[in-house]
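Okay, structure first, notes after.
We did not get these values from a lab; they are worked out from the coordinates using the rules stated. Just so you know, these numbers come straight off a predicted model, no measurement behind them. Methodologically, a virtual Cβ is constructed for each residue, glycine included, from the backbone with ideal geometry; neighbour enumeration extends over all protein chains shown.
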Amino acid sequence: MTVPTTPGGSPGRTLAVVSAGLSQPSSTRLLADRLADATVRELEDAGHTVRVETIELRDLAHAVVDAMLTRFPSGDLPRALESVTGADGLIAVTPVFTTGYSGLFKSFWDVVDPDALTGTPVLLGATGGTARHSLALEYTMRPLFTYLRADVVPTSVYAATDDWAASADPSTLRQAQPGAGSGQRDGGGLPRRIARAGRELARRVAVRENDGPADPFAATPSFTELLGGS
Amino acid sequence: MQFGIFSVSDVTTDPTTGRTPDDTERVRDMLTIARHADEAGLDVFATGEHHNPPFVASSPTTMLGYLAGVTKQITLSTATTLITTNDPVRLAEEYAMLQVISGGRMDLMMGRGNTGPVYPWFGQDIRNGIPLAVENYALLRRLWTEDVVDWEGKFRTPLQGFTSTPRPLDGVPPFVWHGSIRSPEIAEQAAYYGDGFLHNNIFWPVHHTRQMVRYYRQRFEHYGHGRADQAIVGLGGQAFMRKRSQDAWDEFRPYFDNAPVYGHGPSMEDFTQQTPLTVGSPQQVIDRYASFVDEVGYYQRQLFLVDHAGLPLKTVLEQIDLLAGEVVPELRKIVEAKRPADDVPLNPPSHAQRVATARAAGEVVATHVGDTADPYTGTVAEGTRPAASQEARA
């Protein structure tokens with residue numbers, strides 16, 4: 001199956017990738033990159049050009065805390081916020097700490113305008129030491145993005161340490177994809193999930209009509225409306 | 001351009017000594033600060049209004065009424081008066097009283113207040129913040145401009161044949177500003193009425209201020225009060241000065257690092273880049289504040305926050321001396337030279353100017369209740385009710 005293109009629209013798409021991994025290199029970033037690659041491949045197959053903007057929250061940690069205290073973003077944070085809120089699609093990946101997403105991950109979304117992600121297609125990913133925490137994706141991350149009225153794709157991808165050990169060579173993935181028989185399942189646990197999730201995100205990103213950032217002044221009611229509403 | 005100071009009235013422990021003033025001391029310090037600002041020649045003293053600790057300024061007109069009696073030239077104002085939680089009837093009375101007592105040497109600034117728990121203490125709900133600001137202010141204006149008011153709205157009991165006393169001085173209500181940081185609706189409100197708009201940008205980057213002021217100016221012109229560049233604009237500001245820049249940095253840093261609003265967050269180096277906070281020599285303050293005219297256009301009032309974060313009284317008074325003695329004369333010269341045209345107001349309108357304007361427009365009729373109404377009931381004989389009241393009832 002191919003991804004539909006938007007009739008008459010520009011084929012260019014932007015994908016923002018947010019990684020909350022703390023170490024460098026981090027498996028969280030690795031998963032984020034794999035998810036981005038899978039999505040980009042699907043979009044490019046469908047004739048889109050894709051620009052990927054990757055945001056490492058570690059680099060923004062101070063700015064995020066400052067923004068919580070001062071209520072305005074500083075340093076590189078405004079550019080990151082623009083990337084995230086202006087993108088056609090979003091990939092958000094966090095390590096699982098103490099039953100849920102990391103504090104830094106949550107703090108970042110706390111400084112994003114809560115209306116800015118409405119309708120944005122989002123693919124969720126998480127990493128952890130064992131697969132026993134995999135449902136953290138569903139009980140912490142998914143509700144967060146549902147609250148933000150994002151369009152979260154059905155497949156979210158959890159990668160435990162074991163998954164990396166078991167993963168197939170990504171270069172063989174494309175043959176292992178749709179149409180492939182169930183015999184491929186064993187060889188492609190994590191890669192298959194990554195491919196499926198990327199495909200789901202790509203489909204939504206392809207048809208997304210991005211109105212761009214909202215103008216807060218354009219939305220201001222005239223005073224006559226304000227008077228009428230009082 | 002007018003230059004002055006505004007206080008949020010916080011009681012904060014001095015981080016360098018561990019000493020905390022009590023409420024009585026803080027209130028008295030504010031009076032000393034205001035008197036000192038008057039003697040030093042600053043143009044404006046404005047007090048905040050807060051109803052929750054650690055703030056002490058709960059009763060602005062009491063404080064400003066006293067100051068009206070003991071100061072000579074300074075304009076007394078508020079930053080801000082809560083238009084949401086105060087009954088507009090009380091505001092009409094109290095500020096008309098202040099206007100009369102001060103001989104018109106006052107104005108006031110409306111604000112909503114952003115502390116949710118305060119609203120129910122005064123019978124209101126923060127979820128109605130904007131509608132309350134809109135309805136209450138519309139009523140306040142009528143109470144000042146119409147001698148007898150019949151009114152019905154959503155947020156308070158109706159009024160029948162009500163007259164707010166004393167009537168505004170010379171029949172002209174005080175000049176009103178609207179203060180806001182983030183709500184374009186308040187800029188819209190200020191523009192609609194042709195009132196002043198003060199963007200309290202002390203904790204915000206200038207690009208945000210530029211957007212808000214531009215929006216207000218455009219809407220001011222839209223509503224027919226004049227050109228965009230004739231709108232009345234004020235800005236907040238924050239500075240800490242010593243003759244030697246390094247002394248200012250060393251002395252202010254512990255106050256910055258522990259300040260209630262931004263303490264334990266960004267570094268002072270970053271924050272002074274990002275916001276109007278300027279720490280350094282008087283010349284550095286002049287240079288920085290002279291640049292804001294280039295950002296928002298010529299504006300009429302610049303207020304500085306100087307008494308906060310636990311700074312001792314002596315230091316605050318020294319800051320006022322530096323501001324009035326070394327910054328303002330030079331800064332005024334520079335910014336006033338940037339005024340784009342003679343018909344762009346140099347200052348916010350004074351009471352005398354507003355009276356002259358109103359008289360020229362034939363708007364001033366009554367200056368006290370007896371001119372039009374029964375002194376006991378506030379009502380007038382049928383058929384002689386002022387046209388404005390009849391319209392209002394229609």
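Brief remarks on what is shown
- The modelled label-to-label distance between A:Asp76 and B:Arg182, using points 7 Å beyond Cα along the C-beta direction, is 2.6 nm.
- Dividing the summed helix terms, -39500 (n - 2.57) for each DSSP H run of n ≥ 4, by the number of residues in chain B produces a 222 nm estimate of -12500 deg cm²/dmol to the nearest 500.
- On the basis of the beta-carbon distance and an R0 of 25 Å, A:Leu22 and A:Thr130 show a calculated FRET efficiency of 0.85.
- Computed over segment B:34-114, the alpha-carbon pair-distance distribution with 10 angstrom bins reads 19, 53, 25, 3, each value a whole percent.
- Over segment A:77-119: Kirkwood hydrodynamic radius from C-alpha pairwise inverse distances, Å: 11.4
- Normalised contact order of segment A:68-132, rounded percent, pairs of Cα under 8 Å and 6 or more residues apart: 44
- Between 0 and 90°, nearest 10: helix B:351-360 axis offset from chain B longest Cα axis: 40
- Distance in nm between pseudo-label sites at B:Thr24 and A:Tyr139 (7 Å out along the Cβ direction from Cα): 5.7
- Beta bridges assigned by DSSP with both partners in segment B:1-143 are antiparallel in approximately 10 percent of cases.
- Difference of contour (0.36 nm per residue) and Cα-Cα distance, B:Tyr193 to B:Thr32: 54.5 nm
- For segment B:1-61, trypsin sites (Lys or Arg not before Pro) are listed when DSSP marks them as loop and at most 12 other Cβ atoms sit within 10 Å of their Cβ; the list is B:Arg19.
- In loop segments of segment B:217-297 as defined by DSSP, there are no GluC sites (Glu not before Pro) with at most 14 further C-beta atoms inside 10 Å of their C-beta.
- Antiparallel %, DSSP beta bridges [both residues in the protein assembly as shown], to 5: 10
- Computed over segment A:5-226, relative contact order equals 23 percent, with contacts defined as Cα pairs under 8 Å that lie 6+ residues apart.
- Rule-of-thumb Rg ratio for chain B [Cα; 2.2 N^0.38 Å; N residues]: 0.99
- Longest to shortest principal axis, alpha-carbon extents of segment A:34-74, angstrom: 44, 18, 10
- Rh by Kirkwood over Cα pairs, then Stokes-Einstein D for segment B:165-267 at 1.567 mPa s and 4 °C, µm²/s: 81
- Antiparallel content of DSSP bridges confined to chain B, in %, to 5: 10
- Global geometry of segment B:84-164, whether rounded, prolate or oblate, following the gyration tensor of its Cα atoms and the 1.5 cut on a/c: oblate
- Relative contact order (percent, whole number), segment B:207-252, Cα cutoff 8 Å, 6+ residue spacing: 21
- Of the trypsin sites (Lys or Arg not before Pro) found in segment A:85-164, those in coil by DSSP whose Cβ has at most 16 other Cβ atoms within 10 Å are A:Arg149.
- Only helices enter this figure: runs of n ≥ 4 DSSP H residues, each worth -39500 (n - 2.57), summed and divided by the residues of chain A, yield -11000 deg cm²/dmol at 222 nm to the nearest 500.
- A:Thr98-A:Asp211 FRET efficiency (beta carbon distance; Förster radius 25 Å; 0.05 resolution): 0.10
- Estimated distance in nm for a label pair at B:Asp343 and B:Glu221, the labels positioned 7 Å out from Cα along Cα-to-Cβ: 1.3
- The protein assembly as shown - Debye-derived log10 I(q)/I(0), Cα point model, q = 0.07, 0.08, 0.09, 0.11 Å⁻¹: -0.56, -0.70, -0.83, -1.07
- Other protein chain C-beta atoms within 10 Å of residue C-beta, averaged over B:181-189: 4.
- Net length gained if the chain between B:Asp247 and B:Gln211 were fully extended (0.36 nm per residue, minus Cα distance): 9.5 nm
- Taking the C-alpha atoms of chain A, convex hull volume expressed per residue in Å³: 152
- With the highest mean first, a sort of the peptides A:153-159, B:88-94, B:77-83 on other beta-carbon atoms found within 10 angstrom per residue produces B:77-83, A:153-159, B:88-94.
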